[in-house]
1. Taking a cut-off of 29 Å, what percent of all Cα-Cα pairs in chain A are separated by more than that?
2. With axes computed from alpha carbons, what is the tilt in degrees of helix B:60-70 against the longest principal axis of chain B, rounded to the nearest 10 within 0 to 90?
3. Separation of the range B:92-127 and the range B:1-50 by C-alpha centroid, Å?
4. At a Förster distance of 51 Å, what's the computed FRET efficiency of A:Ser110 paired with B:Ala148, Cβ-Cβ distance as r, to 0.05?
5. Looking at the P(r) of chain B, how many percent of alpha-carbon pairs lie beyond 31 Å?
6. Ignore the peptide's own chain and count Cβ atoms of other chains within 10 Å of each Cβ in A:83-91; give me the average, rounded.
7. Rounded to the nearest 500 deg cm²/dmol, what is the calculated helix-only ellipticity per residue at 222 nm for chain B, with -39500 (n - 2.57) per DSSP H run of length n ≥ 4?
8. Around B:Ala8, with a cut-off of 13 angstrom between Cβ atoms, what is the net charge of the other residues, counting Lys and Arg +1 and Asp and Glu -1?
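Taken together, the values in this text are just the output of simple stated rules run on the coordinates, not laboratory data. Fair warning: this is a prediction, and the values are worked out from it, not measured in the lab. Because the Cβ atoms are built from the backbone with ideal geometry, glycine has one as well, and the counts that use them run over all protein chains shown.
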Amino acid sequence: MTWSDTLLGLLKDNDVRLITYVPDNVLTPLLTGVNADNYFLSVGATREDEAIGTVTGAYMAGLRGAVMMQTSGFALIANALASLTVPYQIPAIMVISERGTMGEFNIGQSLVARTMRPTLDALGITHHTLTDEITMPFIVDSSIKQAFSTQAPVAFILSPLLTGGNPAARAKLKL
Amino acid sequence: MSNDRAAAKILNRTALTKLLVQRLKHDEAVVAGIGNTNFDLFAAGHRPQNFYMLGSMGLACPIALGVALAQPDRGVIALEGDGSILMGLGCLSTIATMKPRNLTIVIWDNGIYQITGKQLTATGGVTDIVAVARGAGIAASEWVRDEAHFEQLLDRRFDGGGPILLAAKIDDEAGKGQTPRDPALIRSRFMKGLGTGRGGALEA
């Protein structure tokens with residue numbers, strides 16, 4: 001099992017069927033897996049706040065969902081989190097591929113990455129950085145259950161330690 | 001298309017919202033964007049299937065898409081202002097791609113950001129929102145000619161035939177109601193209205 005197969009299996013185990021996303025290189029195996037499996041319903045959004053909105057509507061209508069995005073996309077959703085997800089108590093599951101660290105070639109990514117955890121902390125949103133396949137199943141499974149039980153969002157940050165990082169960056173930096 | 005826009009009579013959001021709500025006979029979900037749009041929905045008489053946004057400008061249509069995908073047998077209506085839809089036009093492409101047959105979008109177009117001091121929006125000038133929606137792939141997009149035409153357009157079930165976008169030119173009147181500013185309560189009541197709440201014994 002690859003890390004992405006394991007992660008998709010954990011979403012399935014917790015009845016998370018809707019996947020809304022804006023793509024990223026690191027997310028590609030997840031998105032390929034989602035689109036190859038009829039269990040999942042995938043919505044390619046044009047912006048990450050749109051993806052948050054659709055998961056919110058679906059949750060309220062009885063369908064559990066996760067939003068997949070990259071670090072820079074997370075920087076677009078502070079207002080949606082502060083005015084929709086958090087105050088309306090929506091257990092949005094966020095899966096964020098971590099760009100901007102451990103071998104980034106793009107200065108914009110390395111700068112915007114610094115806003116991610118402070119934003120999550122400022123809004124009091126639980127977040128876990130997934131670094132290895134050994135601890136990932138326990139963290140993800142228990143935190144998804146906690147999110148739905150306590151009606152609170154949760155963010156899973158996919159570290160390059162887990163994913164190997166962005167293949168395009170590795171090529172550019174000759175890593 | 002531009003002729004349709006030029007010919008559209010200027011109507012009143014409060015009156016049209018009442019007409020719409022009167023037509024809802026099958027517990028349709030209504031997701032209303034921020035400000036005047038949801039003030040008028042609330043003023044038309046609260047229904048358990050109403051969702052009132054209190055921020056997240058531009059997300060009424062994406063939220064409604066989520067409801068429509070989760071409950072494909074329920075009619076879902078998104079109400080959104082011109083300034084709000086301009087903030088996230090990309091959602092029209094997403095909706096056109098997903099083709100939710102149970103989703104109807106209504107755009108209230110007064111050409112201004114009424115609530116912040118009547119500054120002009122692009123739809124008050126060069127942008128034809130129906131042409132934008134058609135270009136995004138929502139073929140069934142049209143301008144509301146007048147009140148009788150609006151009633152005619154609503155004379156259908158909302159659980160099929162979509163996605164549909166209707167744009168109505170409206171005047172610059174403010175909304176008439178004031179939605180309670182309690183997001184957790186709004187969410188809880190909406191979920192009860194959609195049959196997904198877990199209030200159980202507490203609702204007795």
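1. 12
2. Its long axis makes an angle of about 50 degrees.
3. So the two Cα centres are separated by 13 Å.
4. On the way: r = 59 Å, r/R0 = 1.15.
The formula returns an efficiency of 0.30 here.
5. Numbers: 2392 of 20706 pairs.
When all Cα pairs of chain B are counted, 12 percent exceed 31 Å.
6. If you average over the peptide's residues, the count of other-chain Cβ atoms is 5.
7. Result for chain B, helices only: -10000 deg cm²/dmol.
8. Local net charge: -4.
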